[in-house]
Amino acid sequence: MAASARGTRFLRSISALLVLLPLLSLGCTLRQFPQSSLHPQADYASQIQRLLEDLMFWVVVIFVLVEGALVVAVVRFRNRPGLPEPKMTHGHTGLEIGWTIAPAVILAFIAVPTVVTIFKTQSKPPAGALEVKVVGHQWWWEFQYPGLDITTASELHVPIGQPVAISLQTADVIHSFWFPAMGGKRDVIPTHTNAMWFTPEKIGTFPGQCAEFCGVSHANMRMKLMVQSREDFEAWVAAQKRPPVEPDSTSLAGKGKQVFLTAGCVACHTIAGISPGTIGPNLTHVGTRTSLAGALYPNTPEEMAKWIQDPPVRKPGSIMPKLGLAPDQIAAVVAYLQSLK
Ligand code: HEC
Ligand SMILES: [Cu+2]
């Protein structure tokens, strides 16, 4: 009696779980997960998604068949009082050939579309692709457009519908470049240039981040992909190619430029025509960016001031040190940098 009550309870919890599981997974798709790799927005990501869905279908079919056979065997051939010993068999050529061939066929079934997808997604970028050189730094991403002579940070701008040919390099340790909506991640390896390409298919801002542990602020090494209309992208390019804004020397921004030139910033930061530093992000048009410090903070005057006041507090391990500027110096340099549109 007790055993069958336990059995009923077990069956009830199993059926509850079976009902709950689809509901839970439905919850996952309904909520917004901007870094989910299951909502492809580029050809590369769609190819991976299609492969996943095709294989998943067959995986479910195989799961149901195998588990079904298991359940039938357990129920039908279970031990009951008074039953004789089951017949013992040793070796069954037909069965053995069957269960050797079946997995081989299943593996071939998985391997063919997988290899085809690998070749497709690792192929050379098509002609006319936008070339971007990505450099991983502890803990921010640099984006150079060799054909356009633009260098920026944290925010990668691309036009919709044009393939983007990305070459990947690092200034220090291994990082991994990953915009989940665009495609698979690709490691960024010292002394080696990796490559990938994808064609963004939807206008919008897509988050990404470093996907290979690279030190204390690895999790703070984020980035944004801004997929823009052709016109918006061209306007952005034109703005980035302009020389930096020259502030009126008596204004707060003008004083800020003096702070920038004298407080050590020039050793690490480039502002075109003014300073050549390459340790930190290029600041020539930092005022046009929406985020700071590896897309960790919004680019507001308040956040920029907090950043310059004490970077290691805002980002553990930050390569930019605390420079001990006075509050009025910070206000001035922030006014200057924010004016660099
Ligand atoms: C020793 C090199 C170094 C010096 C000196 C330095 N910085 Fe930086 N700076 C960096 C690095 C590296 C980063 C990127 C930090 C990160 O995101 O992890 C950075 C980031 C920044 C950013 C954020 C930019 C962005 O797009 O994310 C601003 C603004 C900035 N620095 C301003 C200044 C100012 C102003 C000074 C001078 C008072 C200065 N820096 C001095 C290395 C330096
Ligand atoms: Cu990294």
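The values are calculated or read from the model by the stated rules, or taken from the named source; none is laboratory data. Values in this document were obtained by computation on a predicted structure and should not be read as measured data. When we count neighbours, we look across all protein chains shown, and the Cβ atoms used for this are built from the backbone with ideal geometry, even at glycine.
Of all residues in segment 266-298, how many are within 21 Å of L225 (Cα to Cα) and either outside any loop (DSSP other than H, G, I, E, B) or not assigned by TED's automatic domain parsing to the domain that holds Q329 (or both)?
Final tally of qualifying residues: 7.
What are the residues in segment 143-178 that are in a loop (DSSP other than H, G, I, E, B), more than 16 Å from ligand 2 (Cβ to nearest atom) and closer than 24 Å to P276 by Cα, if any?
Of everything in segment 143-178, those that are in a loop (DSSP other than H, G, I, E, B), more than 16 Å from ligand 2 (Cβ to nearest atom) and closer than 24 Å to P276 by Cα turn out to be P146, G147, L148, D149.
Within segment 206-234, track down each residue that is farther than 21 Å from I174 by Cα and among the β-branched types (V, I, T).
V227
Looking at Q240, Q338 in this structure, which one is assigned to a helix (DSSP H, G or I), away from ligand 2 (no atom under 16 Å from the Cβ), among the polar types (S, T, N, Q) and in contact with a strand residue (DSSP E or B) (Cβ under 7 Å, 6 or more places away or on another chain)?
Q240
With more than 16 Å from ligand 2 (Cβ to nearest atom) and either over 24 Å from the mean Cα position of the chain (by Cα) or over 25 Å from F233 (Cα atoms) (or both) as the only criterion, which of P316, P327, P298 stands out?
P327
Cβ-Cβ distance below 6 Å, separation of 6 or more or different chains: which pairs start in segment 278-298 with a residue that is touching a residue at least 40 places away in the same chain (Cβ under 8 Å) and end on one that is among the small types (G, A, S) and within 16 Å of ligand 2 (Cβ to nearest atom)?
As it stands, the answer is P281/A153; S291/S154; G294/S154; A295/S154, since those pairs meet every condition given.
Out of (1) loosely packed, with under 14 Cβ neighbours inside 10 Å; (2) in contact (Cβ under 8 Å) with a residue 12 or more places away in the chain; (3) within 16 Å of ligand 1 (Cβ to nearest atom), what's the single condition that is false for G254?
So the condition that G254 fails would be (1).
Among what's in segment 196-223 and is in contact (Cβ under 8 Å) with a residue 60 or more places away in the chain and among the small types (G, A, S), pick the residue that is farthest from ligand 2 (Cβ to nearest atom).
G204
Would you check which residues across segment 119-142 are within 11 Å of ligand 2 (Cβ to nearest atom) and either outside any strand (DSSP E or B) or in contact with a helix residue (DSSP H, G or I) (Cβ under 6 Å, 6 or more places away or on another chain) (or both) and list them?
Q138, W139
Residues are listed down the side, and each one gets a yes or a no for (1) crowded, with 16+ Cβ neighbours inside 10 Å; (2) free of Cβ contacts under 8 Å to residues at least 12 places away in the same chain:
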{"site": "F77", "(1), (2)": "no, yes"}
{"site": "P81", "(1), (2)": "no, yes"}
{"site": "P84", "(1), (2)": "no, yes"}
{"site": "V112", "(1), (2)": "no, yes"}
{"site": "P126", "(1), (2)": "no, no"}
{"site": "Q144", "(1), (2)": "yes, no"}
{"site": "L156", "(1), (2)": "yes, no"}
{"site": "M182", "(1), (2)": "yes, no"}
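Pairs, please: C-beta under 6 Å, at least 6 apart or cross-chain, first residue over 18 Å from M223 (Cβ atoms) and part of a loop (DSSP other than H, G, I, E, B) and in segment 299-325, second among the aromatic types (F, W, Y) and within 16 Å of ligand 2 (Cβ to nearest atom)?
none
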